[in-house]
Amino acid sequence: MSTTSAPPTLDEDRLQALLGQAVVEFGATVNAALVVIGDRLGLYAELAASGPLTAPDLAQRTGTAERYVREWLNAQAASGWVGYDPQTGRYSMSLEQAMMFAAPESPAFVAGAFQLALGSADAREHIEEAFATGTGFGWHEHSDDVFDGCRRFFEPGYRANIVQSWIPALEGVHDRLTRGGRVADVGCGHGVSAIVIAQGYPASTVDGSDYHEGSIAEARRLAAQAGVDDRVSFTIASADALLSDGYDLVTSFDCLHDMGDPVGVARQVRAALAPDGAWMIVEPRAGDSVEENLNPVGRAYYAFSTLLCTPSSLAQEGGLALGAQAGESRLREVLESAGFTRVRRAAETPFNLVLEAKP
């Protein structure tokens, strides 16, 4: 007796909805390049500062070619990133639009995220090969847009939260750093997090470390530029190579999931803490199940995880590959297996989980 099933029935409305979504997607993809161009050429900054402007006005003020600027402006207006007045032919930016694209110090600034996304996509041929081989692709093998875009993506959130809410949410750490404490920032990248901590706690010292030589060089430059290089030091070292102990606070910002052996790193951190010291782990916000992460934030983080985080971990010894959406339960497993007995969620934002771990 035949048990063949009936062929699926086409849902025309569903198909049209998916096609509409695809139009939005490929429009967003190609416009990401225009966001980065506008950011680099100062088009957003000038329009926000001097608008409303016509395309010739903006081109003249930024020293760019009017025909390109006109096309760029129309793409931005169609995206909703700038406003357009058909009566005057002028373009402008609202306060909200300016906060997102023309104000690097704003917590809502997103141009760095577009830079990071494009830089990540530059490695797509290498990642395609890794799909077939199962091998990794190291963080250091990416382009400068990944390193600089990562800094510019995370810096606004760090400046808005580290000193104001994240460290004060830890048990007793704020007071210790106010009096003068020692901090280690593991996986510091360009060092912005370490610099922010030093600026917020002028009596404390901060030791940043990262295995990427180019990032450490930039971190040193930025610390000198910020005037905190007398209290902030940066060392080229892997995450499991903390050479000192007695730290009141160890921090890891958006990097534990990138590490090949996060359990080994956790053991090293535990040994480096002073009595009653704390490890603050800031990770991308995620639920513990796939279905909890099927939302716009999870979508972005899963994509970055595929292009950046998972390949980075697989390129290292251990290759645990937690992924950017590991979730709090999985992170707790890592910390507890390394001997941490007190782990709690100390703070959170729409994009971050902040865990406090103590021995």
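Descriptive notes on the structure:
- Computed magnitude of the charge dipole of segment 17-103 (debye, nearest 20; Cβ of K, R +1, Cβ of D, E -1): 140 debye
- Sum of side-chain charges, Arg285 neighbourhood, beta-carbon under 14 Å (Lys, Arg +1; Asp, Glu -1): -3
- 5 angstrom amide H check on Asn352, placed H, neighbours 5+ away: Arg285
- Between the residues Val23, Ala33, Met100, the greatest Cα displacement towards the positive end of the dipole of segment 17-103, with unit charges on the Cβ of Lys, Arg, Asp and Glu, is found for Ala33.
- P(r), alpha carbons of segment 17-103 - 10 Å bins starting at zero, rounded %: 18, 52, 23, 6, 0
- Per-residue ellipticity at 222 nm computed for the chain from its helices equals -14500 deg cm²/dmol, with DSSP H segments shorter than 4 residues left out and the rest contributing -39,500 (n - 2.57).
- Values of log10 I(q)/I(0), in the order q = 0.09, 0.18, 0.19 Å⁻¹, for segment 156-358 under a Debye, Cα-only, solvent-free model: -0.30, -1.32, -1.48
- The amide H of Ala274, built 1.01 Å from its N in the peptide plane, has Gly246, Tyr247, Asp248 as neighbours under 5 Å, considering only residues 5 or more places off or on other chains.
- Dimensions in Å of the chain - Rg and Dmax from alpha carbons: 22.9, 83
- Net +/- balance of residues flanking Ala17 in space, Cβ distance below 14 Å, scoring K and R +1, D and E -1: -3
- Residues whose amide H falls under 5 Å from that of Ala184, counting only those 5 or more places apart or on a different chain, are Asp207, Leu249, Val250, Thr251, with hydrogens built in the peptide plane.
- The distance separating the Cα centre of segment 161-226 from that of segment 11-28 comes to 45 Å.
- Here is what passes the span test in the chain: the DSSP H helices with alpha carbon length of 27 Å or more along the helix axis and a Kyte-Doolittle mean of -0.5 or above are 12-41.
- Count Lys and Arg as plus one, Asp and Glu as minus one, and take only other residues whose Cβ is under 13 Å from that of Ala59; the net charge is then -1.
- Sorted fewest first by neighbouring Cβ atoms within 10 angstrom, His212, His126 come out as His126, His212.
- Taking Ile195, Ile236 and counting other C-beta atoms within 10 Å, the order from fewest to most: Ile236, Ile195
- Most fluctuating residue given options Gln60, Gln76, Gln325, as computed from a GNM of the chain linking Cα atoms under 10 Å: Gln60
- Relative contact order of the chain, pairs being alpha-carbon contacts under 8 Å that are 6 or more residues apart, as %: 12 percent
FYI, it's all coordinate maths here, none of it is from the lab. Model, not experiment: these values are computed from the prediction. Using ideal geometry, Cβ is built from the backbone for each residue, glycine included, and neighbour counts are taken over all protein chains shown.
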